[in-house]
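Handing you a structure now.
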Amino acid sequence: MYRLVIGIGIIGALAVTSPGAQDVSQPQLTFRSTVDVVTIQASVRDARGRVISGLTTTDFEVRDNGQLRPILSLRSDRQSPLSLVILADMSGSMRIGPKIAMARRAYDSVLSQLRQDQDEVALFTFDASLHERRDFTSDLTTLKDALADFEPFGTTSLYDATAAAARRLAARSGTNKAIIVLTDGIDTSSAMTAREVSGLASSIDVPVFVVATVPSLDQRLMQEASGRATPSDAADLRDLADWTGGQFVFASTFVETVVTASRLIEELRQQYVLAIEAANGREWRRLDVRVRRPSTTVKARSGYFSG
């Protein structure tokens, strides 16, 4: 959410009616209006999963706590640079099997889809704590092989690390921002929950894309566990991704990592950025973004904190 300030000043000219007349100046009149604006990154796909481009404000419908809100602006520009945080899991559980090798491969695949000297990326790793490995840079050559020197160790504070990364990313100026988490999906020591992190990330419009770099067997186990979940269960990584407008995907083979990276970056480049006026008061507001076309799916943040 940002604040739009509009100012208009009117200064009267000096009026002279005769040599003996007094100087009369018009008073300075100033009109000032302040509007809190909520931005919403949204991606739209058709029934076959293809990204839809070329939409206008008349195609979208945004509801704020159920109330239909006018769209102040809409932007979609494939040439706009991306601002990304790549968050790599370096906790002890990543030592098992080929997990860390697949995470490094996924990292290389994401970098290969980015534009040198245009897109900016920061690299963080996490175990029990968050570690900054590379600050934000558009010189992508400095990021090559940046994960090669680190070995997995310690517990996993995945949710805490994601929240900290979201705060860092919020200050960046890029139109399209995202966190890409490379992990085996196991959190063992976070103070925050997935629900709390999704609320934070959604409030500052940072979608979280979770790439689970796990073997096929672990993938099936995770899917089965997700299928057995009930509404009363605690939120997990899938919920975190969905509520922030991101996505949870698996990358278990070389081909999957390349395809996943390509689709993910393509989606970010074709996102729409909508703006609505924020509601008054200080509270969590639920957002519902839809497209007035049949068989379309919209991914966007689930809400924001007004005030």
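Which one of these does Ala235 not meet: (1) under 22 Å from Asp160 (Cβ atoms); (2) modelled with pLDDT under 85; (3) assigned to a helix (DSSP H, G or I)?
(3)
Can you pull out the strands (runs of 3 or more DSSP E) entirely within segment 37-101 that have at least 2 residues that are open to solvent by less than 30 Å² (accessible area, probe 1.4 Å) and within 23 Å of Ser302 (Cα to Cα)?
Numbers: elements: 60-64, 67-69, 73-75, 82-89.
Because the criterion is at least 2 residues that are open to solvent by less than 30 Å² (accessible area, probe 1.4 Å) and within 23 Å of Ser302 (Cα to Cα), the strands (runs of 3 or more DSSP E) in segment 37-101 that meet it are 60-64, 82-89.
Go through (1) among the aromatic types (Phe, Trp, Tyr); (2) over 28 Å from Tyr304 (Cα atoms); (3) surrounded by 21 or more Cβ atoms within 10 Å (Cβ to Cβ) and name the single condition Phe209 misses.
Looking at each condition in turn, Phe209 falls short on (2).
Look at Ser295 and say whether it is modelled with pLDDT under 95, open to solvent by 40 Å² or more (accessible area, probe 1.4 Å) and not aromatic (Phe, Trp, Tyr).
Yes: the conditions hold for Ser295.
Still on this structure, please answer the following. Just the residues that are touching a residue at least 40 places away in the same chain (Cβ under 8 Å), assigned to a loop (DSSP other than H, G, I, E, B) and farther than 14 Å from Ser91 by Cα, please, taken from segment 149-175.
Listed by number, the residues that qualify are Arg172, Ser173, Gly174, Thr175.
Which numbered condition trips up Arg167, out of (1) of a type in the set (D, E, K, R); (2) under 18 Å from the mean Cα position of the chain (by Cα); (3) open to solvent by less than 60 Å² (accessible area, probe 1.4 Å); (4) more than 18 Å from Phe248 (Cα to Cα)?
(3)
Still on this structure, please answer the following. Is it fair to say Thr125 is touching a residue at least 12 places away in the same chain (Cβ under 8 Å) and either among the small types (Gly, Ala, Ser) or buried (at least 16 other Cβ atoms within 10 Å of the Cβ) (or both)? Walk me through it before giving the result.
Details: touching a residue at least 12 places away in the same chain (Cβ under 8 Å): yes; either among the small types (Gly, Ala, Ser) or buried (at least 16 other Cβ atoms within 10 Å of the Cβ) (or both): yes.
So Thr125 passes the test.
Still on this structure, I have one more. Taking segment 110-147 as the region of interest, how many residues are closer than 28 Å to Thr188 by Cα and of a type in the set (Asp, Glu)?
4
Within segment 128-148, which residues are assigned to a loop (DSSP other than H, G, I, E, B) and open to solvent by 30 Å² or more (accessible area, probe 1.4 Å)?
The answer is Ala128, Ser129, Ser138, Asp139, Lys144, Asp145, Ala148.
Using the structure shown, decide if Arg238 is touching a residue at least 12 places away in the same chain (Cβ under 8 Å), more than 24 Å from Arg195 (Cα to Cα) and touching a strand residue (DSSP E or B) at 6+ places or on another chain (Cβ under 9 Å). Break it down stepwise before answering.
Values: touching a residue at least 12 places away in the same chain (Cβ under 8 Å): yes; more than 24 Å from Arg195 (Cα to Cα): no; touching a strand residue (DSSP E or B) at 6+ places or on another chain (Cβ under 9 Å): yes.
The answer is no for Arg238.
The values are calculated or read from the model by the stated rules, or taken from the named source; none is laboratory data. Everything numeric here is computed off the predicted structure, so don't read it as measured data. No Cβ is skipped: glycine too gets one built from the backbone with ideal geometry, and neighbour counts run over all protein chains shown. When the accessible area is computed, the model is the full protein with side chains, heavy atoms only, and any ligands, DNA or RNA have been set aside. Shrake-Rupley method; radii C 1.70, N 1.55, O 1.52, S 1.80 Å.
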